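The values are calculated or read from the model by the stated rules, or taken from the named source; none is laboratory data. Being a predicted model, the structure only gives us computed values, none of them experimental. Glycine also receives a Cβ, built like all others from the backbone with ideal geometry; neighbour counts cover every protein chain displayed.
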Amino acid sequence: MRIAFFGGTFDPPHRGHLELARQLLERGVTDRLLFVPAYDPPHKPDREISPFADRLAMLKLLIAGESGMMISDIEQRAGIRPSYTVEIMRLLEAEFPGDRLQLLIGGDSLAALHTWHEAGKLLARYEILCCPRRGYEISRRTLSRYWTAKEIDILLQSILQMPFFDLSSTMIRNAITAGNMIENMDEKLLKYIKTKGLYLKETA
């Protein structure tokens, strides 16, 4: 079975995440989507992140009733700080023996993949699935600064032909902070966010 590792801060998770997962499953790109919220992400030093328990709870609300989707709290259980994707993937291999792990990333992450911890090992060991993001055009020329020709071929082939999902967690946080209406936001998630008072102290 193919299991796509969908890592991220998910602060908060939203319908863009859900629609992406649905499309990958419907298109047969993978067999299962495994949402893995980051416990202590090394790439988010510039802002305070919501408690892991809240982000995990919101993910559960988001995918409730969905087929082919799972959530793992392995980053919290592993207690690795900061948590690097390559280390978490190795741990997941032990939890899913016999299955084939795939690494799902966005176009922004692909552009910066060379900065990830042991990026070469990630590329060599796992199939990369890259979903395009508006504003991030990936080309052989830009990748050639960091990767070999063979690696560039693999990375370019990893880019999926899919529509852009413009909704982002940053947009949602800023809208809540400003007291604005949020379109296409799951009501269960909005209720949870309001009950917990999340994002009210941030500055846009």
Check your understanding: Got a number for residues in the range 69-107 being within 26 Å of Ala57 (Cα to Cα) and under 15 Å from the mean Cα position of the chain (by Cα)?
Key -> 19
Review point. Out of all the residues in the range 35-46, is one or more surrounded by fewer than 15 Cβ atoms within 10 Å (Cβ to Cβ), closer than 22 Å to Leu200 by Cα, out of contact with any strand residue (DSSP E or B) (no Cβ under 8 Å at 6 or more places or on another chain) and not charged (D, E, K, R)?
Key: yes
Review point. What residue, of Ser109, Ser72, is more than 24 Å from Asn184 (Cβ to Cβ) and surrounded by 20 or more Cβ atoms within 10 Å (Cβ to Cβ)?
Key: Ser72
Exercise for review: For the range 133-159, enumerate the residues that are assigned to a loop (DSSP other than H, G, I, E, B) and surrounded by 15 or more Cβ atoms within 10 Å (Cβ to Cβ).
Suggested key: Arg133, Tyr136, Ile138, Tyr146, Trp147, Ser158
Check your understanding: Among Leu61, Leu104, which is surrounded by 15 or more Cβ atoms within 10 Å (Cβ to Cβ), touching a residue at least 60 places away in the same chain (Cβ under 8 Å) and touching a helix residue (DSSP H, G or I) at 6+ places or on another chain (Cβ under 6 Å)?
Key -> Leu61
**Study point:** Candidates Tyr192, Tyr146, filtered to the one that is out of contact with any Gly (no Cβ under 9 Å at 6 or more places or on another chain), modelled with pLDDT of 90 or more, within 29 Å of Glu87 (Cβ to Cβ) and among the aromatic types (Phe, Trp, Tyr)
**Key:** Tyr146
Practice item. Would you check which residues across the range 119-132 are assigned to a loop (DSSP other than H, G, I, E, B) and either out of contact with any strand residue (DSSP E or B) (no Cβ under 8 Å at 6 or more places or on another chain) or under 18 Å from Phe164 (Cα atoms) (or both) and list them? Key: Pro132
